[in-house]
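K.L.:
Attaching a single structure in structure tokens format; questions to follow.
The values are calculated or read from the model by the stated rules, or taken from the named source; none is laboratory data. The structure displayed is predicted, hence computed values, not measured ones. Cβ: placed from backbone, ideal geometry, glycine included. Neighbour counts: every protein chain shown.
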Amino acid sequence: MANEPVRFAAVGAGRMGRGIAIAFAYAGHRIALVDLRVRSEEAWNRLHDEARQEIAASLAGLAQLGVIDAAQAEAIAARVQYVRAAQAPAALAQAELVFEGVPETLAAKREAFEQINAHCSDDAILTSTTSSILVTQLAALVRRPERFLNMHWLNPAYVIPVVELSCHPGTDPAVLARTREIMEAIGKLPVVCGPTPGYIVPRLQALIMNEAARMIEEGAATAEEIDKATRHGLGLRFAALGVVEFIDFGGCDILHHASREMSASIDKGRYTAPAIVDRMVQEGRLGLKSGSGFYAYEGTDTSAYRRDVLSRTLGMLRHAGLWRPAAERTLP
């Protein structure tokens, strides 16, 4: 394995780079964790030890939970190659897929991509793990923008399967396809979006988190009650059905009416339904019950589909330990 080429490189040895390194090492690949900053020997040793210890601690946590054993944890950790600035050109030159994960400023990104551009091969796929800078902004920093896209990982990067791929208009479809193939091969579930602020998950979860904080501020409910409701109500339902599937399953008209009421009673700006919802209601595209909504249901066995949804939901309830067998007698 020592002579096996290191096809993957995470640039930036912070929390995200370390998580990405674990994800690839766990899947059996060697990966270079690259620090581009020229540091003193003492500073490099400090960063190296910190990264190595965090990766070891993360793997130890998996071992404690029975996901891997101690020997596997050691083997996984050994697949991570720690690369300082002087060795970065060689590591980048052999990388097929590069993840830039330096601090969230354009200046830091520009400096990193200057080095990545200089040392990576023309065939390398370059990605940024930025959570806040649009792919269209960063594409201008890349020598071959057709081979560039943003890739947003959800923490912890080595646990959460979804990775969000954000493409710009010039991203080569073959590059996107190859990126998806690689990520699926290491057990990830890539989802694709355009050059939109917040990707998919952060954009949705920010609304939920702000509304939860607002309810606490208003005295509507305690943090404990909100978390109980989200873990065992909202979370269970959205683990069984996707958000858009949920709209169709209940009916777009339900969302339309609920939005109307809450926009009047809580806040018009936050709860007014988007035009697409009103338009779908006017057109009679209500979802499963009308045969068409955000998805098409023509030809669907609706009874079988409803059973499948129920099965998914029951599976989540059983997983959470919340499903009880039917009572054999009534309450006294």
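K.L.:
Tell me, please, whether a residue that is in contact (Cβ under 8 Å) with a residue 24 or more places away in the chain, loosely packed, with under 14 Cβ neighbours inside 10 Å and not in a helix (DSSP H, G or I) can be found in region 311-321.
P.N.:
Checking region 311-321: at least one residue is in contact (Cβ under 8 Å) with a residue 24 or more places away in the chain, loosely packed, with under 14 Cβ neighbours inside 10 Å and not in a helix (DSSP H, G or I).
K.L.:
Now a separate question. Check whether at least one residue in region 25-40 is touching a helix residue (DSSP H, G or I) at 6+ places or on another chain (Cβ under 8 Å) and part of a helix (DSSP H, G or I), and report yes or no.
P.N.:
Yes; the residues of region 25-40 include at least one that is touching a helix residue (DSSP H, G or I) at 6+ places or on another chain (Cβ under 8 Å) and part of a helix (DSSP H, G or I).
K.L.:
Still on this structure, please answer the following. Starting from region 261-272, keep only residues that are at pLDDT 95 or above, then list their pairs with residues that are assigned to a loop (DSSP other than H, G, I, E, B) whose Cβ atoms are within a distance under 8 Å, requiring at least 6 positions of separation or different chains.
P.N.:
SER263/THR272; SER263/ALA273
K.L.:
Looking at this structure, is SER290 among the polar types (S, T, N, Q), in the same structural domain as MET215 (by TED's automatic domain parsing) and out of contact with any Gly (no Cβ under 7 Å at 6 or more places or on another chain)?
P.N.:
No; evaluated as a whole, the condition is false for this residue.
K.L.:
Which one is farthest from THR313 (Cα to Cα), of the residues in region 243-282 that are assigned to a loop (DSSP other than H, G, I, E, B) and of a type outside the set (Val, Ile, Thr)?
P.N.:
Selected residue: ASP267.
K.L.:
Just one of (1) more than 26 Å from ALA23 (Cα to Cα); (2) surrounded by 15 or more Cβ atoms within 10 Å (Cβ to Cβ); (3) without any contact (Cβ under 8 Å) to a residue 24 or more places away in the chain; (4) not hydroxyl-bearing (Ser, Thr, Tyr) trips up ARG180, so point out which.
P.N.:
ARG180 satisfies every listed condition except (1).
K.L.:
Here is a follow-up. Right, ILE216: part of a helix (DSSP H, G or I), touching a helix residue (DSSP H, G or I) at 6+ places or on another chain (Cβ under 9 Å), assigned by TED's automatic domain parsing to the domain that holds GLN94 and at pLDDT 95 or above or not?
P.N.:
No.
K.L.:
Follow-up. Only one of VAL38, VAL80, VAL98 is touching a residue at least 40 places away in the same chain (Cβ under 8 Å), loosely packed, with under 13 Cβ neighbours inside 10 Å and either under 16 Å from VAL11 (Cα atoms) or among the aromatic types (Phe, Trp, Tyr) (or both). Can you tell me which?
P.N.:
VAL38 is the lone residue from the list that is touching a residue at least 40 places away in the same chain (Cβ under 8 Å), loosely packed, with under 13 Cβ neighbours inside 10 Å and either under 16 Å from VAL11 (Cα atoms) or among the aromatic types (Phe, Trp, Tyr) (or both).
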